[in-house]
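K.L.:
Mind having a look at this structure? Questions to follow.
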Amino acid sequence: MKRTLSFLLIIACIGVCALGYTRGRSERIILGDERSDLYLPLLSGQRVALLSNQTGIIIAPDGSRQHVLDRLLSQGVNVTAIFSPEHGFRGTADAGELVCSDVDELTGIPILSLYSSHGANRPSEESMAQFDVLVVDIQDVGLRYYTYYITMCRLIEACGAYGKQVVILDRPNPNGHYVDGPTLDMSLRSGVGLLPIPVVHGLTLGELALMAQGEQWLDSAGNACRVNVVPCKHYTHHTHYDLPVAPSPNLPNMQAVYLYPSLCPFEGTIVSLGRGTDKPFQQYGHPRMSGKYTYCFTPTSMPGAKRPPREGEVCYGVDLSSLPYEQIWDEQINLSYVIDAYQCVMSGDSVPERFFTAFFDKLMGQTYVREMIADGADNQTIRARWQSDVQAFMEQRKPYLLYKE
């Protein structure tokens, strides 16, 4: 019997290239989940768990859409469990929100949350007993503090410990055309930073998994786990790939995806970056910035941002929603926005006791970024500090690249 597509109602098309075509290229990118001739032999006769969410969509050349879960079932794959990452299987939960395990309504397959009260990213022994092979098909955005790669790495470690195999159906990295930012100081390792990599690492999930194992960054079981990567076709690290599905509630369009490296550091400050508005990660502001700016917005509670920072307060600041993509790409990580907000908020009378929270250092991966901003350094001076990190990582990652730089 033909199954109804279970994800149809929650998919938001966010790119102009919904069929997988890319800017300036004629070839359609073929995702790993489309290359069934490569992955079906690895799944034959196995009980399969799937790590995915609303982004696990396969778009045919005619524009029709099918979730990877439905594709696997239609191919006779024995899917016995589903793992859900941050934001849940349907991608609607707030950042860091606890997500309960559930059952997929149409298939009856159990959804095993990795963001429950039992501990983020750590599957239970009972969960691990339900499958033989883990299939990963999820859209990442290429940032060290975007947590999907952490979920994948933790599951690889668990699979290694329990003798399971992993098959990664690779997807392009929309921020894969550059590398930028300081490398994580491992003393700041956290739920938003697992590996000693720059803020923008430029790798696909498949490449990152291979590098994590090759550099022995996982635990002993994870480093020894058998991982198979089914690569994309017609993708390179020069490709600008428009996502056809929003990867998480507060990255609703490509503008937000591209600005994310520069605006996410505001999560570690008292400034709003637009959560609780129609332009999350596309603007920033604070009530104390009214002396410099007339543009304003007011964060409110809404799905995906139930308790946004500065909720109900009029925040004055900057709208970046119309900034040209080319300018964002050229600037890469632009700390001028944080510097601007710091200087506005921390000047005048009744200065707040703090601007930065402890989370800022965890996001940036180093303490010197915060210290230099507080000391009055400009964007270019701070960026110069991490260029050696970038160059060293570019060399270090070369053995693990699956796609042309």
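K.L.:
Identify all residues within the stretch 288-301 that are surrounded by fewer than 23 Cβ atoms within 10 Å (Cβ to Cβ) and more than 17 Å from VAL338 (Cβ to Cβ); write none if there are none.
P.N.:
SER290, GLY291, THR294, TYR295, CYS296, PHE297, THR298, THR300, SER301
K.L.:
Could you tell me how many of the residues in the stretch 30-43 are surrounded by fewer than 21 Cβ atoms within 10 Å (Cβ to Cβ) and in contact with a Gly (Cβ under 9 Å, 6 or more places away or on another chain)?
P.N.:
So the answer is 3.
K.L.:
Still on this structure, I have one more. May I ask you to list pairs of residues, at least six apart or on different chains, whose Cβ atoms are under 8 Å apart, with the first in the stretch 134-145 being more than 18 Å from HIS177 (Cα to Cα) and the second being surrounded by fewer than 24 Cβ atoms within 10 Å (Cβ to Cβ) and of a type in the set (Lys, Arg)?
P.N.:
From residues that are more than 18 Å from HIS177 (Cα to Cα), the pairs are LEU134/LYS164.
K.L.:
Take the residues in the stretch 308-317 that are in a loop (DSSP other than H, G, I, E, B) and over 21 Å from the mean Cα position of the chain (by Cα); name whichever of them is surrounded by the fewest Cβ atoms within 10 Å (Cβ to Cβ).
P.N.:
Among them, the one singled out is GLY312.
K.L.:
Within the stretch 367-378, does at least one residue satisfy the condition of being in contact with a Ser or Thr (Cβ under 8 Å, 6 or more places away or on another chain), in the same structural domain as SER272 (by TED's automatic domain parsing) and among the hydrophobic types (A, V, I, L, M, F, W, C)?
P.N.:
no
K.L.:
Go through (1) farther than 21 Å from ARG154 by Cβ; (2) at pLDDT 95 or above one by one and return the number of the condition ASP70 breaks.
P.N.:
Exception for ASP70: condition (2).
K.L.:
Okay, next question. What tally of residues in the stretch 155-191 results from selecting those that are modelled with pLDDT of 95 or more and assigned to a loop (DSSP other than H, G, I, E, B)?
P.N.:
Of the residues in that region, 16 qualify.
K.L.:
Anything in the stretch 218-248 that is in contact with a Pro (Cβ under 7 Å, 6 or more places away or on another chain) and assigned to a loop (DSSP other than H, G, I, E, B)? List them, or say none.
P.N.:
Those that are in contact with a Pro (Cβ under 7 Å, 6 or more places away or on another chain) and assigned to a loop (DSSP other than H, G, I, E, B): CYS232, TYR235, THR239, LEU243, ALA246.
K.L.:
Could you tell me whether the stretch 208-217 includes any residue that is crowded, with 22+ Cβ neighbours inside 10 Å and either in contact with a strand residue (DSSP E or B) (Cβ under 8 Å, 6 or more places away or on another chain) or outside the structural domain of LEU43 (by TED's automatic domain parsing) (or both)?
P.N.:
Checked the stretch 208-217: at least one residue is crowded, with 22+ Cβ neighbours inside 10 Å and either in contact with a strand residue (DSSP E or B) (Cβ under 8 Å, 6 or more places away or on another chain) or outside the structural domain of LEU43 (by TED's automatic domain parsing) (or both).
K.L.:
Filtering the stretch 318-369 down to residues that are small (Gly, Ala, Ser) and surrounded by 19 or more Cβ atoms within 10 Å (Cβ to Cβ), which residue is nearest to the chain's Cα centre (by Cα)?
P.N.:
GLY365
K.L.:
If I filter the stretch 219-226 for residues that are surrounded by fewer than 16 Cβ atoms within 10 Å (Cβ to Cβ) and either in contact with a strand residue (DSSP E or B) (Cβ under 9 Å, 6 or more places away or on another chain) or modelled with pLDDT under 95 (or both), do I get at least one hit?
P.N.:
Looking through the stretch 219-226, at least one residue is surrounded by fewer than 16 Cβ atoms within 10 Å (Cβ to Cβ) and either in contact with a strand residue (DSSP E or B) (Cβ under 9 Å, 6 or more places away or on another chain) or modelled with pLDDT under 95 (or both).
K.L.:
Further question: Taking the stated definitions as given, is ALA256 modelled with pLDDT of 95 or more, in a helix (DSSP H, G or I) and surrounded by 21 or more Cβ atoms within 10 Å (Cβ to Cβ)?
P.N.:
Spelling it out, ALA256 is indeed modelled with pLDDT of 95 or more, in a helix (DSSP H, G or I) and surrounded by 21 or more Cβ atoms within 10 Å (Cβ to Cβ).
K.L.:
Further question: Residues in the stretch 122-136 that are polar (S, T, N, Q) and either modelled with pLDDT of 95 or more or over 26 Å from the mean Cα position of the chain (by Cα) (or both): how many?
P.N.:
Counting residues in the stretch 122-136 that are polar (S, T, N, Q) and either modelled with pLDDT of 95 or more or over 26 Å from the mean Cα position of the chain (by Cα) (or both) gives 1.
K.L.:
Pairs needed: first member in the stretch 233-253, more than 18 Å from TYR145 (Cβ to Cβ) and in contact (Cβ under 8 Å) with a residue 12 or more places away in the chain; second member anywhere, part of a loop (DSSP other than H, G, I, E, B) and among the basic types (Lys, Arg); C-beta distance under 6 Å; at least 6 residues apart or different chains.
P.N.:
Every condition considered, the pairs that remain are THR236/LYS404; HIS240/ARG23.
K.L.:
Right, another one. Quick check, is THR147 buried (at least 22 other Cβ atoms within 10 Å of the Cβ), at pLDDT below 95, outside the structural domain of GLU331 (by TED's automatic domain parsing) and under 25 Å from GLN255 (Cβ atoms)?
P.N.:
Answer is yes for this residue.
The values are calculated or read from the model by the stated rules, or taken from the named source; none is laboratory data. The structure displayed is predicted, hence computed values, not measured ones. FYI the Cβ positions are ideal-geometry reconstructions off the backbone, even for glycines, and counts take in every protein chain you see.
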